[in-house]
Amino acid sequence: MAAESAEDWLLESLRLYNDLHVFELQEPTRVIEWIGEKSVCVAGYENSRRNEILQLLLPQKLYVKEKQGLCPERDFKVERGGFSDRPVYSLRHVPDTSLLVTSGPPDSSLQVWQLAAEDTDVIKCASTIPTGNDSKKPWTKIATTLARTPCVLHGSRVNNVQITEIESKKNIYTAASSISDEVSSLEFLDCNTLLACCVNGQLCLADVRQPQSPLGDASIPWALSGEQWCMGVSPGVQGSDVNAPAIARLSSGGQLTLTDLRNISKLLKSARCKVSAASPSTEFLCVSWAPVLDGCLAVSGFNGTVHIYDTRSWPVSGGEAEPLFSHKGHILSGMDNGGGFPLVTTHAWHPWKPRMLLSAASDGSLHVWDWAESHKNS
Amino acid sequence: MPEIKVTPLGAGQDVGRSCILVSIAGKNVMLDCGMHMGYNDDRRFPDFSYITQNGRLTDFLDCVIISHFHLDHCGALPYFSEMVGYDGPIYMTHPTKAICPILLEDYRKITVDKKGETNFFTSQMIKDCMKKVVAVHLHQTVQVDDELEIKAYYAGHVLGAAMFQIKVGSESVVYTGDYNMTPDRHLGAAWIDKCRPDLLISESTYATTIRDSKRCRERDFLKKVHESVERGGKVLIPVFALGRAQELCILLETFWERMNLKAPIYFSMGLTEKANHYYKLFITWTNQKIRKTFVQRNMFEFKHIKAFDRAFADNPGPMVVFATPGMLHAGQSLQIFRKWAGNEKNMVIMPGYCVQGTVGHKILSGQRKLEMEGRQILEVKMQVEYMSFSAHADAKGIMQLIRQAEPRSVLLVHGEAKKMEFLKQKIEQEFHVNCYMPANGETITLFTSPNIPVDISLGLLKRESAIGLVPDSKKPKLMHGTLIMKDNSFRLVSPEQALKELGLGEHQLRFTCRVHIQDPRKEHEMVLRVYNHLKGVLKDYSVQHLPDGSIMVESILIQATAQSEDQGTKVLLVSWTYQDEELGSYLTSLLKKGLPPTTA
């Protein structure tokens, strides 16, 4: 990237963003997981070498709520770090604990990590949970919750979705389902309800209190066939606005669909993202709801940009939607990455700053940005 | 075993007052001599009593090396050399030598005049101290004495900052001081060759951070300036040395041009007076690429930046002013500050660390009511911003430097051991080296295995490589020769060559042993029997039956003789050279055990 266009973008960024931070990690990450409201975890996904898991404390300015005099530093602090022999494809924190669960090739087992230790800053691997799945199957997707005890929801296909208690390694739920479709995302809606999204777009809902209950069998609406899908669930689902749709699904072709939790087989709304080329796989596709801005979604994984969409302004016809904002920093900020085009691997919203996100790309970049409200991209 | 000892007297696990003592091959070197800016009493100085309880420091230390002009690396130097007492050489780069005394004098003025301290070094002491300084160039090997040599490497960070290699014979230590691995607009990145020191001492203040990009910091700076100017405010930027101010000027100039802004930008005259001097210092210090940028852009021929006149401070409307000194403790920047402080539309952007007691330090700590001369209270309503442009190495940078230098061990200073376990493991696993993190006053001892270079004669090399298989470059090859140590040189030659040089003839020592064998048959039948027996037992050795009737086991000769008293006993003569003693004895005892009974 020529230095001049990087300068151009930087000057443009003065009006596009309230705040902008550009970091370079030693290794790219495909996970960004919040630990409380002040730090995030990232991890490497290289196959051939040791990877690092890092817990990064945000620059002070980004987590203080009251206006606090001067917060000079703009840097992340590496609070803790650990080493993983395998690539980390998925990383989840068990809320209100110091436990992390990761998964990734070469097999479907899960690794449990211990964050807090008084006398050291090393994140240690506490245990491994074997999942009993065939190692040839795709890697395990995970979600975590703190019910009575820390639990992890995991599976790679609908018929091997289970919930395991982390400390005892006991299985407390197994999906009694004959569906063998590959799972792309798993979420706990609350500690008793789980939701799975299949690669083919199908949604499956289940109540954990009825062990062995079959996952809800929802038929696939015509609009969803032929592409690969992932989902994003609205974070404040329980007790949130009853009228707000809660589940967004994103396809590799750029299709976005919204579904209400009360009736998951019905499509509420849909639109197409503004992307020039379809993504070949769901590897890095990521869609998530804004925690503060009503009805806003962030989408990434097609290229080096992150798009923000306001679902409330989508055309009724279901055609192409115009993004509210497009973050092009990963392509334009002029990082010296040997001329390739970086691909955004993941993104995450800030828990309470309305327009702030973190995004990471395949070139190791990690951005924290807060786009300016009144300005739209040209 | 030879050892290297390192003791941090300050730094270690405490940020501020870097001062490290290194003992290498009997030489003692002090690395940096910094002041701890957070303390007002003796704790601000490193604990020099540690070095030697009795005995003069000048006799004990071979030299002192100062890495750069920041006060936490050189602030205690005049105290150390003039008040504690040291008369030996002090090494630093040329820019450091030029800038150090100015900073020290500034610091002295603030501490004594403003804070009224008495136990402090004087202006004359600073001058006397600087007389002991020997300035060095980058990559210049400097002989401190006939055994100790030092060499400075470019460290980036600030003008004149250097990393130093300290070498005695084949043992060496590299001290990084403060450095950074990413170039900025006016300074390049640190660089060192693959010098493979026994120990690399690196600062690790920022090792546990991941730094925001330079461009984003600049963006932040521009945004702040722009917002102030847009609302009609005035922006004061106190600066010290030319380098950083130059960078900010270029940045603003570009921005003003792009955005077609009209507000005036000024720099104060104080800056220009010193400017030419620093400019020259600076231009020889930077590399070709940066030098070109500065030459193209003649320093004060900016389109939008003009020289300041103190009367302009009262002009209405927005403006930006760069003024010295950097900590707002005196002079022009303080004057302007006093005029603008009362207006909330205005802004002051502090460029870096400020010493305690200065106005800069006070406002950065949040003070909004300042007591000026004559008991006047100044209310600070203007916005106070802090901009950290200082460049330090982060974890990635440290790994890069270690990769470049390839040290055998690493020692980290400036960090907190508990919070650096991860980094320690990272370094140890990536480079397979030991990583140490001593506390203040704690001594780390490293044992080194220095290499002793030896000249090998060509003849010996040729001969040894002719024997056996093609040498594997990855495996050590065992060679036999004679080591001659003469007149401080070491030579490896073949034994024949050595004997020749010594004028001695080579003697061969040969042993012959008689072994009696009970065998009534004829001689040659017995020999055959012996041969078959040996061939069967000594499977790993070469056993030959020679045409003249003797047997050869490797190079040992076995012959039958006819001399025996009775017919039933045969005598074997076993003969070997001194070199084959082991095999010879073994063979003899084997034969003495007797031969196996013959089969029919």
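The values are calculated or read from the model by the stated rules, or taken from the named source; none is laboratory data. Being a predicted model, the structure only gives us computed values, none of them experimental. Cβ coordinates were reconstructed from backbone atoms using ideal geometry, including for glycine residues, and neighbour counts include every protein chain displayed. With ligands, DNA and RNA removed, areas are computed over all heavy atoms of the protein, side chains included. Shrake-Rupley method; radii C 1.70, N 1.55, O 1.52, S 1.80 Å.
With charges only on Cβ, +1 for K and R and -1 for D and E, what is the dipole size of the stretch B:314-436 about its Cα centre, in debye, rounded to 20? Please list the in-between numbers first.
Details: 15 positive and 12 negative charges, 33 e Å.
So the dipole magnitude of the stretch B:314-436 works out to roughly 160 debye.
Pick out the long, greasy-scoring helices in chain B: whole DSSP H runs spanning 20 Å or more along their own axis by Cα, mean Kyte-Doolittle at least -1.0.
Values: long enough: B:94-109 (24 Å, -0.43); B:214-230 (24 Å, -1.51); B:242-259 (25 Å, 0.21); B:269-285 (24 Å, -0.28); B:523-537 (21 Å, -0.33).
The answer, listed by residue number, is B:94-109, B:242-259, B:269-285, B:523-537.
Grab the beta carbon distance between B:Asn488 and B:Asp145, set R0 = 22 Å, and tell me the FRET efficiency rounded to 0.05. Mind dumping the intermediate values first?
On the way: r = 17 Å, r/R0 = 0.77.
Rounded to the nearest 0.05, the efficiency is 0.80.
Would you work out the charge dipole size for the protein assembly as shown about its Cα centre, treating the Cβ of every Lys and Arg as +1 and the Cβ of every Asp and Glu as -1, and quote it to the nearest 20 debye?
Numbers: 106 positive and 110 negative charges, 323 e Å.
The dipole of the protein assembly as shown has a size of about 1540 debye.
Taking the Cα centre of the protein assembly as shown as the origin and placing charges on Cβ (Lys, Arg +1; Asp, Glu -1), which of A:Ala290, A:Phe325, A:Pro130 is farthest toward the positive end of the dipole?
So the residue we want is A:Phe325.
Which shape class applies to the stretch B:201-263: rounded if a/c is under 1.5, otherwise prolate when a/b exceeds b/c and oblate if not, where a ≥ b ≥ c are the square roots of the Cα gyration tensor eigenvalues?
prolate
Quickly work out the B:Arg43-to-B:Glu230 label distance, labels modelled 7 Å from Cα along the C-beta direction, and quote it in nm with one decimal.
Each label point is offset 7 Å from its Cα along the Cβ direction, giving 4.5 nm.
Across the stretch B:445-530, how many lysine pairs, 8 or more apart or on two chains, come within less than 28 Å at their alpha-carbon atoms? If you can, show how the numbers build up before the last one.
Values: B:Lys462/B:Lys474; B:Lys462/B:Lys475; B:Lys462/B:Lys477; B:Lys462/B:Lys486; B:Lys462/B:Lys500; B:Lys477/B:Lys486; B:Lys477/B:Lys500; B:Lys486/B:Lys500.
The result is 8.
Chain pair B, A: how much accessible area is buried, both chains summed, with a 1.4 Å probe, in Å² to 100? Intermediate results must be reported in sequence, preceding the final value.
Details: alone 30120 and 17160 Å², together 43820 Å².
It comes to approximately 3500 Å² buried between B and A.
Applying 1/(1 + (r/R0)^6) with R0 = 25 Å to the Cβ-Cβ distance of B:Asp540 and B:Val571, what FRET efficiency is obtained, to the nearest 0.05? Can you show the working numbers first?
Numbers: r = 27 Å, r/R0 = 1.09.
Step by step, r from the Cβ atoms, then E = 0.35.
Quick check: pseudo-label points 7 Å beyond the Cα along Cα→Cβ at A:Ser313 and B:Arg258, how many nm apart are they?
Going from the A:Ser313 label point to the B:Arg258 one covers 2.6 nm.
Determine the alpha carbon to alpha carbon distance for each of B:Lys224/B:Lys381; B:Lys109/B:Lys418; A:Lys77/B:Lys381; A:Lys141/B:Lys424 and list only those over 27 Å. Could the numbers behind the result be given before it?
Working: B:Lys224/B:Lys381 16 Å; B:Lys109/B:Lys418 38 Å; A:Lys77/B:Lys381 32 Å; A:Lys141/B:Lys424 32 Å.
Check vs 27 Å cut-off fails for B:Lys109/B:Lys418; A:Lys77/B:Lys381; A:Lys141/B:Lys424.
Report the charge-dipole magnitude of chain B in Debye, nearest 20, computed about the Cα centre from +1 at each Lys and Arg Cβ and -1 at each Asp and Glu Cβ.
On the way: 73 positive and 68 negative charges, 483 e Å.
Charge dipole of chain B: 2320 debye, to the nearest 20.
Can you list which of the trypsin sites (Lys or Arg not before Pro) found in the stretch B:499-598 are DSSP loop residues with at most 14 other C-beta atoms within 10 Å? Before the final figure, lay out each step's value.
Values: sites: B:Lys500, B:Arg510, B:Arg514, B:Arg521, B:Lys522, B:Arg529, B:Lys535, B:Lys539, B:Lys570, B:Lys592, B:Lys593; in loops: B:Arg521, B:Lys522, B:Lys539, B:Lys593.
Passing sites in the stretch B:499-598 are B:Arg521, B:Lys522, B:Lys539, B:Lys593.
Assuming R0 = 35 Å, what is the FRET efficiency of A:Thr174 and B:Arg403, from their Cβ-Cβ distance, to the nearest 0.05? Mind showing how you got there, number by number?
Details: r = 49 Å, r/R0 = 1.40.
The pair A:Thr174/B:Arg403 has a calculated efficiency of 0.10.
Run the numbers on the stretch A:12-58 and let me know its relative contact order in percent, using alpha-carbon pairs under 8 Å that are six or more apart. Numbers along the way, then the final one.
Working: 51 pairs, mean separation 12.6, N = 47.
Averaging sequence separation for qualifying contacts and normalising by length gives 27 percent for the stretch A:12-58.
Find the lysine pairs in the stretch B:113-200 meeting two conditions, Cα atoms under 29 Å apart and a separation of 8 or more places or different chains, and report how many there are.
For the stretch B:113-200, qualifying lysine pairs total 14.
Would you rank A:Thr345, B:Thr205 by solvent-accessible area, highest first, keeping every protein chain in place and using a 1.4 Å probe? Display every interim value, and only then the final one.
Working: A:Thr345 5, B:Thr205 45 Å².
Putting A:Thr345, B:Thr205 in descending order of accessible area: B:Thr205, A:Thr345.
Looking at the square roots a ≥ b ≥ c of the eigenvalues of the Cα gyration tensor of the stretch B:473-600, which shape do they give, rounded for a/c under 1.5, prolate if a/b is larger than b/c, or oblate? Don't jump to the answer; show the numbers that get you there.
Working: a/c = 3.66, a/b = 2.26, b/c = 1.62.
Prolate is the answer for the stretch B:473-600, as a/c is 1.5 or above and a/b outweighs b/c.
Over its Cα atoms, what ratio of radius of gyration to 2.2 N^0.38 Å does the stretch A:1-135 give? Before the final figure, lay out each step's value.
Details: Rg = 17.8 Å, N = 135, 2.2 N^0.38 = 14.2 Å.
Here the answer is 1.26, to two decimals.
Would you work out if the protein assembly as shown is rounded, prolate or oblate? Take a ≥ b ≥ c from the square roots of the eigenvalues of the alpha-carbon gyration tensor; rounded if a/c is under 1.5, else prolate when a/b is larger than b/c, oblate otherwise.
Details: a/c = 2.81, a/b = 1.32, b/c = 2.13.
Oblate, since a/c reaches 1.5 and b/c is not below a/b.
Spin-label point model (7 Å from Cα, Cβ direction): what's the A:Ser48 to B:Glu105 distance in nm?
Rounded to a tenth, the inter-label distance reads 5.8 nm.
In the stretch B:379-414, what residues drop by 30 Å² or more in accessible surface going from the chain by itself to the full protein assembly, probe 1.4 Å?
Residues meeting the cut-off: B:Tyr386, B:Lys396.
Expected output is a single nm value to one decimal: the length gained when fully extending between B:Glu525 and B:Val134, i.e. 0.36 nm times separation in residues minus the C-alpha distance. What is it? Can you show the working numbers first?
Values: separation 391, 0.36 × 391 = 140.76 nm, distance 8.89 nm.
Between B:Glu525 and B:Val134, full extension yields an extra 131.9 nm.
Once the cut-off is 49 Å, how many percent of the Cα-Cα pairs in chain B end up in the long-distance tail? Could the numbers behind the result be given before it?
Numbers: 65225 of 179700 pairs.
Everything past 49 Å amounts to 36 percent.
Leaving ligands and nucleic acids out of the surface, order A:Trp139, A:Trp229 by accessible area at 1.4 Å, largest first. Kindly include the intermediate steps, with their values, before the conclusion.
Details: A:Trp139 60, A:Trp229 0 Å².
Highest to lowest solvent-accessible surface, that is A:Trp139, A:Trp229.
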